[in-house]
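First up is the structure itself, then whatever we jot down about it.
The values are calculated or read from the model by the stated rules, or taken from the named source; none is laboratory data. No experiment lies behind these values; they were computed from the predicted model shown. Don't worry about glycine lacking a Cβ; one is built from the backbone with ideal geometry, like all the others, and counts go over all protein chains shown.
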Amino acid sequence: MPSITGYLAPTLTVTNLARSVSWYREVLDLTIRREYEPPDKRQRDACLTEPHTGLEICLVEYSGGPGGPFNEFIPGLDHLEFLVAERTDLDEWAERLDSLGIVHSGVKEPPYTQNAMITFRDPDNIQLEFFWRATE
C-alpha cells in the first residue's frame, strides 16, 4: 500500500477570496504561501499555512460560481475539524473567537461522548469545529 503523510490540505470554494483570506488569516494566524490567478481569470486562489503545525488551507473563488452559502446537507463536505491537544485549548479558542466577534456554540460536551468541541462558521457558512478527543 502506498503511504500518505497523515496531513490533509483542504481546498475550499469561497464566494469572496479577499474576504475569506483575511478571515482565515485573522482567526487561525495563517500566512499566505501562494496566490494565483490564471490569464483567463476563471478562478483565483490562495493557499494559507500555519508555520508551526504545517496546517494548510487553500481557498478558491470561481468567476462563474453560484455565490450561495455553503450547505452541509448537500453531499460533499460536512465540516472541517481542527483537533486540539488539550480540553483547556477549547476554552482558549472560545475566548479568541469571542475577541474576534465570531459567533460560536461555546464548548459543547455531548452526553453521548467524552469528547468536546466548539462549532462556528466561516464567511461562506462553512461549518468549522475545534475538537478535543478524550483518551479512551
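So here's what we get for this one:
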| item | result |
| --- | --- |
| Complete set of residues in the range 97-117 that are touching a residue at least 24 places away in the same chain (Cβ under 8 Å) and closer than 15 Å to VAL27 by Cβ | LEU97, LEU100, ILE102 |
| Any hit, the range 19-30, residues being in contact (Cβ under 8 Å) with a residue 12 or more places away in the chain, farther than 17 Å from LEU128 by Cα, not assigned by TED's automatic domain parsing to the domain that holds ASP124 and not charged (D, E, K, R) | no |
